[in-house]
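The values are calculated or read from the model by the stated rules, or taken from the named source; none is laboratory data. Computed from a predicted structure; not experimentally measured. Positions of Cβ are backbone-derived with ideal geometry, glycine not excepted, and every protein chain shown enters the neighbour counts.
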Amino acid sequence: MKLQKILPLVFLALFLAACNVTLAEDITPPPGYVAPTPAPTLVLYPAKAPSVANGEAIYVEKCAACHGATGLGDGEQGIQLGVTVRAFGLPEIARPASPAQYYTMVTRGNLERFMPPFASLSDQERWDVTAFAFTLHTTPAQIARGKELFAQNCADCSTDYFKNQQVMSTLTEVELARIAKQGNDQIPAFGAELDEDDLWAVAAYLRTLSFDNSPLATPEPSAQTPGQPAASAATPASPEAHPAVPAVEPQPGFGNVRGAIENKTGQSLPAGLVVTLSGYDHDANDPNAGPVEAFSTDGTVNADGTYSFDNIEMPASRIFVARVQVEGVALQSEFVVAEAGAQSVEIPTLTLYGITEDTSGLVMDGVQVIFEYGADAISVYNLYSFRNPTDAIIVVPQDASGEIPFIKFPQGSSGFGFEPMQDSAPFVPTENGFAIPPSDKNYGLVAFASLPLDNTVNFSQPFTMPVDSVNVFTPVGVALINANATDLGVQTIQGFTYQIYETDSLTAGESLTFTLSGNPQGTPASAGASNRGLLIGAAALGLALIGGGLWLHRRERQQAADAETNEEFESADEVMDAILALDDLHGMKKISEQAYRKRRAELKETLKRELEK
C-alpha cells in the first residue's frame with residue numbers, strides 16, 4: 001500500500017487535517033502515564049461572537065471530507081467509514097441541537113463514530129466552525145424572512161438577549177421558536193400567529209444574532225508592483241519587506257495577487273521556478289455548497305522569491321492558494337479570501353526547505369504496540385508519533401516490500417500496510433512515497449501486519465530510531481515475557497480490557513524482543529467490538545489509532561464477522577433512519593449509484609438482523 005494513494009494533496013488539505021484523539025475524561029490512565037496532548041477544556045460559551053467566515057474556512061479544511069460540503073454526511077471519507085455521519089445540513093438534525101452540544105462534539109469527539117477531538121484548533125476556532133455548521137441547514141432567504149417577521153412582530157424588542165453568548169450557546173432552534181411563540185421572562189410572545197415555516201425562519205434569524213457574520217479580513221495591500229522583481233536577488237524574500245515600486249492599476253473587478261517564497265534551502269532558488277495560482281468560488285445559486293475551482297494559472301518566481309499575478313478577477317470571497325513543485329515535492333501555501341471590492345491580495349508566505357532522503361533527523365516521541373488475536377492470525381498495530389525538527393523536507397521512498405526506511409515490520413510478519421493517523425501533520429505525496437516537511441506538529445503513522453497464531457509467539461521488532469519507551473497492549477490472558485518490561489496491570493477502558501506493559505528505552509538499530517504466551521480470555525472479539533476496543537485503547541494513551549483507511553482495511557478482512565455481529569446501531573429504528581437518510585442523499589445525487597446500492601444492501605441486512613432479535 002503506497003501512501004501517495006491514501007494521502008492525496010487536496011485543496012486546503014481536506015483529507016489530512018484532522019484531530020488528535022486524547023484521553024477521555026472518564027478513563028483512568030495507566031500508572032505513571034502522562035498524556036502528550038491533554039484533552040481540551042470545555043468552555044460552553046465563546047469569549048466573543050463566533051466568526052462564520054473563519055468557521056467556513058476551517059470546515060472546508062477539516063470537516064468537509066467526512067460531513068460533506070453541505071453538511072449532509074456525504075463526504076468522500078464519510079461515505080467510506082461504514083457508520084452514519086451526522087448530517088447537520090438537514091433541518092431535522094440541526095434544529096434540536098444547541099451550539100454547546102456541537103462545540104462539545106468538536107472538542108471531545110465521538111470515538112464510536114470515528115470522529116476524534118479537534119485538539120489542533122483553538123477554543124475560539126472550535127466555536128467558529130460550530131457557528132458555520134449551524135448555517136448549513138438554512139438559506140439567506142429564510143434568514144431574511146425571519147428578520148422581516150421579527151421587525152414586524154417585535155419592533156420594540158431588544159436583541160440583546162439573542163446576542164448573549166452564554167444564553168445562546170445553550171438554546172436550540174426548537175427553543176428559539178418556542179420563545180418566539182410563547183415568550184419568556186426576557187422576550188414577550190410575538191409569534192403565536194405565525195405558521196410553522198415562519199417560526200423556523202424567525203428562529204434561524206435569531207440564531208444569527210449571536211454570530212459574527214462579517215467576512216474575513218484581507219491583509220493591507222503593499223506598494224510592490226505585481227510582476228516586478230526585487231532590486232536584490234541575493235536576499236531571500238520576506239513577507240514583511242517587499243520592495244516599494246509603482247503598482248499596476250488593475251481593471252475594475254480585478255486585482256493584483258502577490259506572494260513570496262521564503263528560501264531556507266541555503267542555495268539559490270531554482271531558475272524558472274513555476275508557481276501555480278488557483279482561485280475557488282462558491283456557487284452563487286447554492287451558498288451552502290463547497291468551493292469549486294474557478295481558475296488556475298502559472299507564473300514564474302523571481303530570483304528573490306517574490307511572485308505576482310496582475311489583473312486577476314477578484315470577486316468577493318474568492319479563495320486564493322499558491323503551489324510550487326520542487327524535486328517532485330508539491331508544496332502549498334495557506335489560503336487567503338478576497339474581500340468585497342479588494343484589488344490586492346497577499347498570499348501567505350510559502351517556505352521552501354532543502355530536500356533530503358536522510359531520515360536520521362526524525363525524532364521518535366512515542367510508540368505503542370497493540371496485539372489483537374483473531375481466529376487464525378494475530379494482528380499487530382504499531383502506532384508511531386514523530387517529529388521533523390530539521391530544516392529539510394525529508395523524502396521517504398517506499399520499496400517493493402512495503403517498508404519505509406525508518407519503520408520496520410516485526411520479523412516473520414506479513415500483510416504489511418501503513419495509514420496516517422488523525423491529527424498528523426500533513427504528509428506530502430511523491431511519486432514513489434511521501435515527504436515530511438519540517439513542522440511544529442507531530443506526524444503519526446499506524447503500521448499494521450499479521451503474525452501466525454500460536455500459543456507462544458517470539459516477537460522481534462527492529463527500531464531504526466531511538467525511542468524512550470514502548471507501551472504494549474495485549475489481550476487479558478496473554479502474558480508478555482521480558483525482564484526489561486514493566487507490567488502496568490490490567491486496564492479496563494469503557495468495557496474493553498487490556499494487559500499493559502512498558503519497556504525500557506531502545507537505541508537506534510536495537511530490536512524490541514519479548515515472548516507472548518497464552519491465549520486471550522474468552523472467544524476472539526467480533527470485528528465491531530475489536531474495532532471499538534482498539535480505538536478507545538489508543539485514545540487512552542493520547543494517540544489516534546484508526547483513520548478511515550485503516551478501518552476499511554480491517555473491515556474488508558473481517559467482513560464475515562461483521563455480518564454476524566453488528567454494533568453500529570442500537571435499534572431497528574436507528575437502522576431505518578440511516579436508510580432514509582441514505583435515500584435522501586441518493587435522491588439529491590449526493591452519493592454515487594455504486595456506493596448507494598452497496599451501503600443500502602448492508603443496511604437492509606443489518607435491519608433484518610435487528611428485527612430478528
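Scanning segment 71-106 for residues that are acidic (D, E), within 19 Å of I579 (Cβ to Cβ) and in contact (Cβ under 8 Å) with a residue 24 or more places away in the chain turns up just one, D74. E334: closer than 27 Å to A69 by Cα, surrounded by fewer than 22 Cβ atoms within 10 Å (Cβ to Cβ) and touching a Phe, Trp or Tyr at 6+ places or on another chain (Cβ under 8 Å), yes or no? In short, no.
Rundown of residues vs (1) within 31 Å of the chain's Cα centre (by Cα); (2) acidic (D, E); (3) in a helix (DSSP H, G or I), yes/no style:
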site	(1), (2), (3)
W127	yes, no, yes
T130	yes, no, yes
L136	yes, no, no
A144	no, no, yes
L149	no, no, yes
A155	no, no, no
V174	yes, no, yes
Q186	no, no, no
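Let's see how each residue does on (1) within 30 Å of T107 (Cβ to Cβ); (2) not hydroxyl-bearing (S, T, Y):
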residue	(1), (2)
A133	yes, yes
I143	yes, yes
L149	no, yes
D160	yes, yes
K163	yes, yes
T170	yes, no
E193	no, yes
E196	no, yes
Y205	yes, no
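Counting only residues that are over 24 Å from S385 (Cα atoms), of a type in the set (D, E, K, R) and either at pLDDT below 90 or outside any loop (DSSP other than H, G, I, E, B) (or both), segment 435-484 holds 0 of them. Within segment 318-331, being crowded, with 18+ Cβ neighbours inside 10 Å and not β-branched (V, I, T) holds for R318, F320, A322, R323, L331. Under the condition of being outside any helix (DSSP H, G or I) and hydrophobic (A, V, I, L, M, F, W, C), the residues counted in segment 64-85 number 5. Hey, any hits in segment 87-104 for a residue that's among the hydrophobic types (A, V, I, L, M, F, W, C), modelled with pLDDT under 85, outside any helix (DSSP H, G or I) and not assigned by TED's automatic domain parsing to the domain that holds E173? The answer is no, given that none of the residues of segment 87-104 is among the hydrophobic types (A, V, I, L, M, F, W, C), modelled with pLDDT under 85, outside any helix (DSSP H, G or I) and not assigned by TED's automatic domain parsing to the domain that holds E173.
Looking across segment 400-425, the residues that are surrounded by fewer than 22 Cβ atoms within 10 Å (Cβ to Cβ) and over 19 Å from M465 (Cα atoms) come down to A400, S401, G412, S413, S414, G415, F416, G417, A425. Highlighted here are the strands (runs of 3 or more DSSP E) found entirely within segment 295-408 that include at least 2 residues which are within 30 Å of P215 (Cβ to Cβ) and β-branched (V, I, T): 306-313, 319-326. Just one of the listed residues (F448, F473, F459, F427) is farther than 30 Å from E327 by Cβ, under 26 Å from the mean Cα position of the chain (by Cα) and among the aromatic types (F, W, Y), namely F448. Only a single criterion out of (1) closer than 21 Å to G417 by Cβ; (2) touching a helix residue (DSSP H, G or I) at 6+ places or on another chain (Cβ under 7 Å) is not satisfied by L453, namely (2). From the list D391, D440, D399, D454, the one residue that fits, being among the acidic types (D, E) and touching a Gly at 6+ places or on another chain (Cβ under 8 Å), is D391.
A search for C-beta distances below 6 Å between a residue of segment 441-465 that is more than 30 Å from A119 (Cβ to Cβ) and any residue that is among the acidic types (D, E), counting only pairs 6+ apart in sequence or on different chains, returns L453/D376.
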